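This report concerns only the one structure given below.
Coordinate-derived values only; no laboratory data. Just so we're clear, the structure is a prediction, and the values are computed from it rather than from any experiment. For neighbour counting, all protein chains shown are included, and Cβ atoms are generated from backbone atoms with ideal geometry for every residue, glycine included.
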Amino acid sequence: MSTNTTANAEVTDAQAGSPVFSVNNLWKVFGPKADRVPGDAELAALSAAELRARTGCTAAVRDVSFDVRRGEVFVVMGLSGSGKSTLVRCLTRLIEPTSGGISIDGEDVLGMDKGRLRELRRHRAAMVFQHFGLLPHRTVLDNVAYGLEIQGVGRAERRAKAAEVVAKVGLDGLEQRRPGQLSGGQQQRVGLARALAVDPEVLLFDEPFSALDPLIRRDMQEEVIRLHREEGRTMVFITHDLSEALRLGDRIALMRDGRIVQLGTPEEIVGSPADGYVREFVRDVPREQVMTVRRAMRPADADEEGRGPAIAPGATVSEAIEAVARTGFAVRVMDEGRCLGVVDHARLLGVVAGTDGSAGEGFSGEADVAGADASGSGSDSADASASASASVSVSGSGSGSGSAVAGADAGADAPAPVTPPGEEVA
Amino acid sequence: MAAASTATAPAADTPRFGALLRNRVLGKLLLLAVVAAVLVPIVNARWASGSWPHALTVDLTGPLGKTSDWIIDNRDSHPLFLYFFGHISNAVVVSVRGVYLVLLAAGWAGVTAAAGLIAWRVAGLKLAASAVVAILVCGWFGMWVPTMQTLALMIVAVLASVVLGMLLGLAAGLSDRTYRALRPVLDTMQVFPAYAYLLPVVLVFGIGVPAAVLATVVYAAPPMARLTALGLRGADGGVMEAVASLGATARQRLLTARLPLARKQLLLGLNQTIMMALSMAVIASVIGAGGLGDRVYQALASVDVGAALAAGIPIVLLAVILDRTTAAAGERLGAAEPDGRRLHGPYGWGVAAVLTVVVALVARLAGRIDWPDTWTVNIADPVNSAVDWMTDHLYSGVPYIGGTADWAGHFTTWVLDPLRDGLQWLPWWSVLLIVAALAWLIGTWRTAVTAVLAMAAIGVLGVWKPSLDTLSQVLAAVAVTLVVGFAVGIAAARSGRLERLLRPVLDVFQTMPQFVYLIPVVALFGVGRAPAVAAAVVYALPAVIRITTQGLREVDGAAMESARSMGATSGQQLRQVQLPLARPALLLAVNQGVVLVLAVVIIGGLVGGGALGYEVVFGLAQGDLATGLVGGAAIVCLGLMLDRVTQPTERRAKKGA
């Protein structure tokens, strides 16, 4: 989770800047006369099965809006058929969207002519594919140099650049092999290197590690984390694997049937699921490894402020558990020498058991005001919308971008995050 | 027309009747019977039964003869010939002549060196050695000049076929509409016997090298077009998407991804095109191709088996070498390039070219351009005396088993004659009904309609009787082929040792041009219909055996394992698991068997097979193009009918969907 901490810092200072990708009310409908579906309020409201029965169309992406901020890892997660792969292909118009808007750095993608679109694909967004998409008749080096070759870069120059990138992804010595002679993990490193070689502004990953063995998948995830830490490149990452999403994502958009049902940090998704679907999805997640102490803490008593181990607000609950178990005292959450609150046995157990409800969120909303009164407002009756408007840091990242984030709005408005303790136990 | 209504009426009614009758086969038959019961009395009342009624034929001989005469009269004056066909004809003559002169200038040493070095670059040392030996044997048999003539014709025809095929394939591979339009045409063209292509080109170009080359191109280009289109369309979607995602232009996508991804299919297409071209270049000796095929043709005409063999062996050697070399090139693509090979890429080709030129120059300086006469061996005479001995001792009167000529005679008397007479005795409408029933039971109503229309067209053309004669030979040959082929195929599928033994034999047999098969059967059985059938059986057997073996071997291992685990005997496994599961492969074997048999039965017209093949040969020999063209059209119709009757593909596709 170390990336999370570094990335969080980047996110905070990037928040001032404009988003890299901005997607507004995007629709992709497959089928005959697909154009009419998004515009027709009645058709747009139908479920997938009804829509197919009525029109023969399939809506792969329905009214999706989100921003991808500079330098973040934006994960789109969903089961197969949820439209996530279609969504990422719409970003560079590998699949032409039916309606809506996409802009990159404020420039309208859908309005681009062929030449501009090629420029976008060549220099600004490169993609890594699930099944690698390598050219079997070329060596590793020539595969990596391929993106540069079609840009018209000279042979010597592109080979030098390719060799550099091949080394960066750990494939030294395999430059002259053919893709067929490599393992799956190595092939995907080639795919990654090919995308990196063109030095794109954004890297798009379409389930890149789904075809790999679990151990190699973990290696590759670490490779991505490392690359992101070193280069800070913006990444859009598609996956159906929740643990992968939680490991890599600064923010996660969870898709179902073409819609984003929730958009937020891993902590928000796990801590306050927007609806029953998301809750079911994240049920088996080890919460202590995702939730931070910022969410678990309560205001400190007078005597607690002075003693006990200190911990940063971004630390995970499992780190706090370790500290508490070692010392026997409640842990102080310290930020720049100020004590924000404490976590004790009861709080930590509450997180692990999933009985903390939205207490953390209600509290974290007032965190910067150092709010002693937040604790008084009670954990069960936190006003979700009030907290969302007040928050600036963690919970704000979900709804802070305003109306563009449909799923997150729904999540914030719905009473769902307020989980009655009894329901979880039963 | 009666035929059309028989077949279209059921199509409309299928759902209703299908609901009434559970059993699909019975339902179809019953429906046909009902339609027949209505139509046959009407038809019978109007036209007589028996052979195809004269009232329903259209005599095309007159108009065709006039067309042919007009073309002959205007060949030198009409602008269409002066400015279009004339140029094509001249271009062909000039290029064949040019290639031939280059080959002669290189001398035997240069050509041998070139063959060896090309085989080495493409396929490795072993094949290079075989290529050199094969070329030298051609010279040793005294066939150097005819070999070079055939080679020159082949080179021009293959180049033209590849260019034409690639262009068509590119169009079909990149545009769905072209593909949909072109695919049925190409599929159907592969069904027609080579003979059918000869007459139309002769009509336009007259007998000679241009006609031979163009017939070869028309015959050999379809596989290239087909495989190019298939290869381009089969490009891995993931790779193409990845390439597009990197911002490649349409041109870049084609040149750097789609074409290279299709390299295997392109090489397979090249291989098939070369083999088809060789096969046709030999057959085209009938229309003036010259070269090795002509030697075989002339020798067969005078039943000189020795001379035919002397020209036939070089043909087989050429075929085997060309096939192995191009096939090896395809296989090499998949394998990795060995690291650090010194003679790599263009450098290696440069070395090969330089060596060839050096060898050719050395031979020229040494005054050894033409193949030395003293280095030849005459195999015709010993072969002929062997054949004479066979004629004397094996033809007939061998105690207990009888002689080969006796067998041929018995086969003709007891199988071919009754079959032919039976078919010709059948009322014409019943033949149509049988065709409709078979085609509909095996395929769909569409294939049934095509088959019936094709059969009716034969009647309309006025060649009903000879066509049924050909049909009887085809049926007899197919029956023998299938019995032997399935038996051997099943045995090979069950015994790995037998399969290993058979494989090289089948490989050689499958690469030999059709024409060559006539030589040994003439030696064994003399001339007549029986040898034609025998040649057809030998030609079709390898394909049937191979498809059967493969089909049985590819049966799902899990199904076999579960049958074994329940204690099925090997006979039970074969009957209850392997054969039912391999049904598609077996049906394909039948289809292939029929198509291949027809091709050779037609050529059998050259060795006394008579019937349609003879009409074509007769037309060519007598300059009576009208007769020949009608015969050619009937061959096309017969091929179409036989293919459609045995074509189960469409229904399989429907079941899968």
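Applied to the range B:492-497, the Karplus parametrisation 6.51 cos²θ - 1.76 cosθ + 1.60 on θ = phi - 60° returns per-residue 3J(HN,Hα) values of 5, 5, 8, 10, x, 5 Hz, with x for Gly and Pro. Straight-line cross-link partners of A:LYS28 among the aspartates and glutamates, defined as a Cα under 16 Å from its Cα and at least 8 positions apart when in the same chain: A:ASP40, A:ASP63, A:GLU96, A:ASP257.
Applying 0.36 nm per residue to the separation of A:LEU110 and A:ASP303 and subtracting their alpha-carbon distance, the gain on full extension is 63.5 nm. By definition, a body whose alpha carbon gyration tensor gives a ≥ b ≥ c is prolate when a/c is 1.5 or more and a/b is larger than b/c, and the protein assembly as shown fits this prolate description.
What the Cβ-Cβ distance of A:PHE30 and A:GLN289 gives, at R0 = 51 Å and to the nearest 0.05, is a FRET efficiency of 0.85.
For A:VAL236, the amide hydrogen comes within under 5 Å of the amide hydrogens of A:PHE74, A:LEU203, A:LEU204, A:PHE205, counting only partners 5 or more places away or on other chains and with H modelled in the peptide plane. Take every DSSP beta bridge whose two residues both sit in the protein assembly as shown; close to 55 percent of them are antiparallel. Computed extension length for B:ASP417-B:VAL93: 112.1 nm, one decimal, from 0.36 nm per residue of separation with the Cα-Cα distance subtracted.
For the pair the range A:276-355 and the range B:208-265, the centres of their Cα atoms are 63 angstrom apart. Computing FRET efficiency as 1/(1 + (r/R0)^6) for B:ASP388 and B:LEU498, where r is the C-beta to C-beta distance and R0 is 41 Å, gives about 0.70.
Which whole number of Å³ per residue matches the convex hull of the alpha-carbon atoms in chain B? Please report the intermediate quantities before stating the final value.
Values: hull volume 138.3 nm³, N = 657.
With only Cα atoms used, chain B gives 211 Å³ per residue.
Taking 19 Å as the straight-line reach from the Cα of A:LYS168, the aspartates and glutamates in range (excluding those fewer than 8 positions away in the same chain) are A:ASP142, A:GLU157, A:ASP199, A:GLU201, A:ASP219, A:GLU222, A:GLU223, A:GLU230, A:GLU231.
Legend: calculated FRET efficiency, B:ALA366 to A:SER183, from the Cβ-Cβ distance at R0 = 56 Å, rounded to 0.05, equals 0.45. Shown in residue order for the range B:591-606 are the 3J(HN,Hα) couplings computed by the Karplus curve 6.51 cos²θ - 1.76 cosθ + 1.60 at θ = phi - 60°: 4, 4, x, 5, 4, 5, 4, 4, 4, 7, 4, 5, 4, x, x, 6 Hz (x for Gly and Pro). A straight Cα-to-Cα reach below 27 Å connects B:LYS126 with the lysines B:LYS264, residues fewer than 8 places away in its own chain not being considered. Annotation for the range B:450-517 versus the range A:16-82: alpha-carbon center distance of 57 Å. Spin-label pair A:ARG338-B:VAL58: with each label point 7 Å from Cα along the Cα-Cβ axis, the two points sit 9.9 nm from one another. Multiplying the residue separation of A:GLU119 and A:ALA211 by 0.36 nm and removing their Cα-Cα distance gives an extension gain of 30.1 nm. The modelled label-to-label distance between B:THR178 and A:ASP219, using points 7 Å beyond Cα along the C-beta direction, is 4.5 nm. Is any residue of the range B:90-112 close enough, with backbone N under 19 Å, to a label point placed 7 angstrom from the Cα of B:VAL163 along the Cα-Cβ axis, and if so, which? Flagged as within label range: B:90-103.
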